[in-house]
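Report on the following structure.
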Amino acid sequence: MPGLIQKIQQFLRSPQGQKMTEQAKRYASDPKNRAKAQEMLKKFRGGSGPKH
């Protein structure tokens with residue numbers, strides 16, 4: 001789907017996309033938010049972490 005990828009790239013280059021990227025970086029840098037995200041991923045994956 002090259003059309004979808006191109007639209008995403010265009011959005012990320014736009015001022016609104018840049019703003020959202022910065023917000024995501026700030027959110028991810030907060031340890032509390034990081035822990036929340038990791039917990040959600042853990043639940044999504046089945047609870048026991050990565051499976052090999």
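Cβ separations smaller than 8 Å between residues 6+ apart or across chains give the following pairs from segment 23-50 residues that are under 22 Å from L12 (Cβ atoms) and polar (S, T, N, Q) to residues that are at pLDDT 85 or above and part of a helix (DSSP H, G or I): N33/Y27.
The set of residues in segment 1-11 that are modelled with pLDDT of 90 or more and not aromatic (F, W, Y) comprises G3, L4, I5, Q6, K7, I8, Q9, Q10. Is it true that some residue in segment 12-19 is among the hydrophobic types (A, V, I, L, M, F, W, C) and at pLDDT 90 or above? Checking segment 12-19: at least one residue is among the hydrophobic types (A, V, I, L, M, F, W, C) and at pLDDT 90 or above.
Is it true that Q38 is at negative phi and modelled with pLDDT of 90 or more? No, not satisfied.
The values are calculated or read from the model by the stated rules, or taken from the named source; none is laboratory data. Just so it is clear, the structure is predicted and the values come from calculations on it, not from any experiment. All Cβ positions, glycine included, derive from the backbone under ideal geometry; neighbour counts span all protein chains shown.
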